[in-house]
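Written out below as structure tokens is the structure these notes cover.
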Amino acid sequence: MKYHISTISCTTNLPIDIVDITGQVRSALDATGLREGTVTLLSRHTTACININEKEPRLLQDMTTFLKRLVPRDGDYLHNIETLDGRDNAHSHLLGLFMNSTETIPVSDGELLLGEWQSIFLVELDGPRSLRQVLVQIQGQ
């Protein structure tokens, strides 16, 4: 069994931003030469998550609208009274309760075993941010 670790870095441009990282994950897998195994992704942030879903423009807009309605930014949150980094981002942390910080995807014959309509997203909940990182651990043979 072999293990490879790399990092995907990206910039987010919106308060809630859904960034397709599928191509970058495929490139990381290709660089290893591994044919069978798994890819595990970890968002290294508490207010950015990993999600597998369909990449359809209207659906992505619907997702953003849904998240904004689920936990409004202007709620009365205790975390915002004394912020650690000057960001009133309690809503972002609360949204993170409903999302994943990791995803694991099987690999066979050197390919991610995603469904026909599935893409991999970094979901920014507290943007914009100049640097977001996703740890990519690939294990297999």
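Longest stretch of the chain clear of exposed loop sites (chymotrypsin sites (Phe, Trp or Tyr not before Pro), DSSP loop, at most 11 other Cβ atoms within 10 Å, sites excluded): 1-97. If the segment from Ser130 to Thr40 were pulled out straight at 0.36 nm per residue, it would be longer than the present Cα-Cα gap by 30.1 nm.
Here Cα extents along the principal axes in Å was calculated from the structure, and among [x] 50, 32, 22; [y] 70, 32, 19; [z] 60, 33, 19 it sits at label [x].
With R₀ set to 25 Å, the beta-carbon distance separating Asp109 from Ser6 gives a calculated FRET efficiency near 0.75. Per residue of the chain, the DSSP helices (runs of n ≥ 4 H) give a summed -39500 (n - 2.57) that works out to -7000 deg cm²/dmol at 222 nm. Which loop trypsin sites (Lys or Arg not before Pro) in the stretch 21-65, with loop taken from DSSP, have no more than 13 other Cβ atoms within 10 angstrom of their Cβ? Sites meeting the loop and neighbour criteria: Arg35, Arg44. Over the chain, Cα pairs under 8 Å with separation of 6+ residues give a relative contact order of 56 percent.
Remark: the stretch 131-141, residue by residue, has Karplus-estimated 3J(HN,Hα) of 8, 10, 10, 10, 7, 10, 10, 10, 10, x, 9 Hz, where x stands for each Gly or Pro and the curve is 6.51 cos²θ - 1.76 cosθ + 1.60 at θ = phi - 60°.
Every read-out reported here was derived from the displayed coordinates using simple, explicitly stated rules and does not represent laboratory data. Here the structure is a predicted model, which means the values were calculated and not measured. All Cβ positions, glycine included, derive from the backbone under ideal geometry; neighbour counts span all protein chains shown.
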